[in-house]
1. Express in whole angstrom the spacing between the alpha-carbon centres of region 162-194 and region 85-124.
2. Enumerate the amide H contacts of residue 129 below 5 Å, restricted to partners 5 or more residues apart or on another chain; note that Pro and chain-start residues carry no placed amide H.
3. Rounded to whole Hz and in sequence order, give me ³J(HN,Hα) for region 186-202 from the Karplus expression 6.51 cos²θ - 1.76 cosθ + 1.60, θ = phi - 60°, writing x for Gly and Pro.
4. Per-residue counts of other Cβ atoms within 10 Å, averaged by peptide: what ranking do you get for 168-177, 111-120, highest first?
5. Give me, ordered by chain and number, the residues 5 or more places off residue 154 or on other chains with an amide H under 5 Å from its own placed amide H.
6. Give, as a single signed number, the net charge of other residues whose beta carbon lies under 12 Å from the beta carbon of residue 192, with Lys and Arg counted +1 and Asp and Glu -1.
7. If you take every residue apart from residue 159 with its C-beta less than 13 Å away from the C-beta of residue 159, what net charge results, scoring Lys and Arg +1 and Asp and Glu -1?
8. Give me a comma-separated list of calculated 3J(HN,Hα) values for region 84-96, in order, Karplus coefficients 6.51, -1.76, 1.60 applied at θ = phi - 60°, integers in Hz, x for any Gly or Pro.
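Values in this text are rule-based calculations from the coordinates and carry no lab data. Keep in mind it's a predicted model, so treat the numbers as computed, not measured. Every residue, glycine among them, receives a Cβ derived from its backbone with ideal geometry; neighbour counts consider all protein chains shown.
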Amino acid sequence: MWPRHRSRAGEVLRRGALVELGASPSEPRQLAWVRAAVPPPPHARPAGQLSGGHRRAGRRAGPTGRAGGRGTLDTESWSLFDGIQLPKDWARFYWRQYLGGATPESAPLACPLRVADLTGLPSTLVLTAEYDPLRDESEAFARRVASAGAPTTARRYLGMPHGMLYLNGITDATRAVTQDIASFVNGVNPKPRVEAMDLVLT
């Protein structure tokens with residue numbers, strides 16, 4: 001499942017974002033801020049090269065991708081939803097693949113939530129799933145981006161698990177996710193949804 005996930009869903013979304021940005025795959029503009037802010041640790045990949053989450057880049061977006069904002073697996077959502085689509089053992093395996101010999105604590109390039117200073121980010125859209133173990137750290141990232149001064153929208157899709165985009169064409173919530181991403185990429189704020197709740201970030 002992981003190789004197919006990476007090669008198909010993740011790569012399609014990444015290439016789509018790059019086309020909208022008018023950027024090259026070797027240096028997407030949404031990673032310019034990350035490259036300037038954080039020197040890469042050994043073996044770490046930029047966050048935007050990771051797939052599998054719900055934080056999406058568009059023309060106005062900040063850092064993208066999602067292997068987990070902190071990598072500590074100790075949030076309330078991990079306690080509640082460990083094993084729903086994403087067991088902790090899988091998450092630890094993915095971290096090892098992403099970081100090689102580095103640790104999440106030493107790799108802010110792969111863990112945007114660990115970057116000390118998030119000022120200077122463009123408008124950012126953070127989309128989470130209610131039953132995703134990674135929900136809390138993604139929403140914490142949204143609050144930090146907002147507190148650093150960037151216009152930020154954080155939306156939680158109700159009743160949805162990690163990997164909710166695999167349900168595209170099956171549920172109204174996943175249709176809403178793809179429509180919201182498309183709106184944001186095209187410079188339009190996503191409209192309110194009955195399938196989701198917008199978080200207050202102050």
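1. 24 Å
2. Hits under the 5 Å cutoff: 157.
3. Calculated HN-Hα couplings, in order: 8, x, 10, 5, x, 6, x, 10, 6, 7, 9, 10, 8, 8, 8, 9, 8 Hz.
4. 111-120, 168-177
5. Those lying under 5 Å, H to H, from residue 154 are 126, 199.
6. Surrounding charge for residue 192 is 0.
7. Net of charged neighbours comes to -1.
8. Whole-Hz 3J(HN,Hα) from phi for region 84-96: 7, 6, 9, x, 4, 4, 5, 4, 4, 4, 5, 4, 4.
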